[in-house]
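S.K.: What follows is a single structure, and I will ask about it in a moment.
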Amino acid sequence: MADNPYQAAGVDTGALARIKDRIAGFARLTHGPEVLGGAGGFAGLFQLQGYDNPVLVASTDGVGTKLKVASLLGHYESLGIDLVNLNIDDVLTQGAKPLFFLDYVAASDRDLDWIDSLVRGMTWACREAGCALIGGETAQMPGVYAEGDFDLAGFIVGVVEDKHRLDSSTVEAGDVLVGVPSSGLHTNGFSLVRKVFDIDENPNVLYEQHRELGHSLGEELLIPHRSYYPALSPVLGSIKAMAHISGGGLLENMPRSMPPGVAARVHVGSWQVPPIFPMVQQRGNIDPAEMYRVFNMGLGMVMVCPQDRVEAVLSEVTDAVVVGEVVVQSGDDMVILDSLPK
């Protein structure tokens, strides 16, 4: 049977409808009684209950050019996990519990079966955090995206009692920086990584095994972005502020969790740096300071704690480690990297 006019223009409405039905099935796995009306409407409904003076906290972000690596490897589930977790981590910096998540996927392909794998990853990540997947949009856009290309974005809303919001204005000299390990690159710096390893020109490098990694380069690059909500939610009452170390690294993200007049003194070497980072630095001949501006360097989240709460936080978050302290700012820099290799 010949394509109808819309199919001839590159859009398969039947395939879109089937994909959306399957997505609705995944989404229902994340729904509790707060989700009203189910899936398939023009908008998602979520009934907020149990708060006296709630503050809604929202964020949106995408996975960057990590999606190029996932596409080359044909592995999309980890991207779905990434998309949810990086947004959860952003609202967590305000002390918020994630409530619901929405996604946007746009592609040129008529064959959209790979989206099943993507949404499975989103569903798994939402269920782990107790967050509802309540809606999204899947669009075929031939002529906007080249064949095989796609883009995706995530949107999250969380909530926190106003009196429990993390307040960076309370941070002062003498507070302690407690870092929590990343699971690897997370979702940042992939444009540089792709260039350093020449991935776009020679995708086969993704299958090369590396002794220092313990697996292939591709497996390393697809390790999902860690969600810090399960580990850190129990200690939110013991900390003053939190920095999600995403794009911009320590140098650009730590200042977002501190008021004017203070600086973060970070003791380089006080935590374990995963082997992917020295690999990238050595192969790309990248300046050490630039590495800390682009990558998380093994710290995915840094908490600012008063001195008298540090031991309690370390006992609750078993993989956390003291990585520095807050000091009075004496120059223009709000982040001081002690013992940074030259």
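Only the coordinates and a few stated rules stand behind these numbers; no lab work does. Note that this is a predicted model, so its numbers are computed, not measured. Here the Cβ positions follow ideal geometry from the backbone for every residue, glycine too, while neighbour counts run over all protein chains shown.
S.K.: Sequence-distant or interchain residues sharing an amide H contact under 5 Å with Arg226, placed H: which?
M.R.: Those lying under 5 Å, H to H, from Arg226 are Ser183.
S.K.: What is the sum of charges, Lys and Arg at +1 and Asp and Glu at -1, for the other residues whose Cβ falls under 14 Å from the Cβ of Asp333?
M.R.: Local charge sum for Asp333: -1.
S.K.: Please identify, among Ala241, Ala43, Ala153, the residue showing maximal mean-square fluctuation in a Gaussian network model of the chain using a 10 angstrom Cα cutoff.
M.R.: Among Ala241, Ala43, Ala153, the largest GNM mean-square fluctuation belongs to Ala43.
S.K.: How much length is gained on full extension from Arg165 to Ser183, taking 0.36 nm per residue of separation minus their Cα-Cα distance?
M.R.: 3.8 nm
S.K.: Suppose the chain between Asn285 and Gln272 were pulled fully straight at 0.36 nm per residue; how much longer would it get relative to their current alpha carbon spacing?
M.R.: Additional length available on full extension: 2.6 nm.
S.K.: Same structure, new question: Could you go through region 99-104 in sequence order and give the Karplus-derived ³J(HN,Hα) for each residue, using 6.51 cos²θ - 1.76 cosθ + 1.60 with θ = phi - 60°, rounded to whole Hz, and x for Gly and Pro?
M.R.: So the Karplus estimates, Gly and Pro as x, are 9, 8, 9, 10, 10, 10 Hz.
S.K.: May I ask you to list the chymotrypsin sites (Phe, Trp or Tyr not before Pro) in region 35-124 that are in a DSSP loop and have at most 16 other Cβ atoms within 10 Å of their Cβ?
M.R.: Values: sites: Phe42, Phe46, Tyr51, Tyr76, Phe100, Phe101, Tyr104, Trp114, Trp124; in loops: Phe42, Tyr51, Tyr76.
Sparse-neighbourhood loop chymotrypsin sites (Phe, Trp or Tyr not before Pro): Phe42, Tyr51.
S.K.: A further question on this structure: So for the pair Asp338, Val205, with labels modelled 7 Å out along Cα→Cβ, what separation do we get in nm?
M.R.: Simple spin-label model gives 3.6 nm for this pair.
S.K.: Additional query: Please give me, ordered by residue number, the GluC sites (Glu not before Pro) of region 106-193 that lie in loop per DSSP and have at most 13 other Cβ atoms within 10 Å.
M.R.: Glu147
S.K.: Just add up the charged neighbours of Val193: K/R +1, D/E -1, any other residue whose Cβ is under 12 Å from the Cβ of Val193.
M.R.: Combined, the nearby Lys, Arg, Asp and Glu give +2.
S.K.: Another one. Pick out which of Ile223, Ile245, Ile286 has the largest mean-square fluctuation in a Gaussian network model of the chain, springs linking Cα atoms closer than 10 Å.
M.R.: With Cα springs under 10 Å in the chain, the top fluctuation among Ile223, Ile245, Ile286 is at Ile286.
S.K.: Next question, about the same structure. I need the phi-derived Karplus couplings for region 237-242: 6.51 cos²θ - 1.76 cosθ + 1.60, θ = phi - 60°, integer Hz, Gly and Pro marked x.
M.R.: With the stated coefficients, region 237-242 comes to x, 10, 10, 9, 7, 8 Hz.
S.K.: Also, I was wondering about something else. Per-residue ellipticity at 222 nm for the chain, helices alone: DSSP H runs ≥ 4 residues times -39500 (n - 2.57), over residue total, nearest 500 deg cm²/dmol?
M.R.: Result for the chain: -8500 deg cm²/dmol, rounded to the nearest 500.
S.K.: While we're looking at this one, here's another question. Set the Förster distance to 35 Å, then compute FRET efficiency between Gln307 and Ala43 from the Cβ-Cβ distance, nearest 0.05.
M.R.: After rounding to 0.05, the efficiency reads 0.15.
S.K.: Where is the GNM fluctuation largest for the chain (alpha-carbon springs, 10 angstrom cutoff): Asn253, Asn202, Asn87?
M.R.: Asn202
S.K.: Let me ask another. Along region 173-184, what does the Karplus equation 6.51 cos²θ - 1.76 cosθ + 1.60 (θ = phi - 60°) give for ³J(HN,Hα), rounded to whole Hz, x for Gly and Pro?
M.R.: 4, x, 5, 10, 9, 10, x, 10, x, 7, 8, x
S.K.: Over the chain, what is the relative contact order in whole percent, taking alpha-carbon pairs under 8 Å and six or more residues apart?
M.R.: 21 percent
S.K.: Hey, another quick one. Taking a ≥ b ≥ c as the square roots of the Cα gyration tensor eigenvalues, with a/c under 1.5 meaning rounded and otherwise prolate when a/b beats b/c, else oblate, which class fits region 261-333?
M.R.: oblate
S.K.: So, one more: Using label points projected 7 Å from each Cα along Cα→Cβ, tell me how many nm separate Asp319 and Val55, to one decimal.
M.R.: That separation, rounded to one decimal, is 2.9 nm.
S.K.: Looking at the square roots a ≥ b ≥ c of the eigenvalues of the Cα gyration tensor of region 118-250, which shape do they give, rounded for a/c under 1.5, prolate if a/b is larger than b/c, or oblate?
M.R.: Values: a/c = 2.21, a/b = 1.43, b/c = 1.55.
Note, shape of region 118-250 comes out oblate.
S.K.: Let me ask something else about it. DSSP beta bridges in the chain, what fraction antiparallel, as a percent rounded to 5?
M.R.: Just about 75 percent of them are antiparallel.
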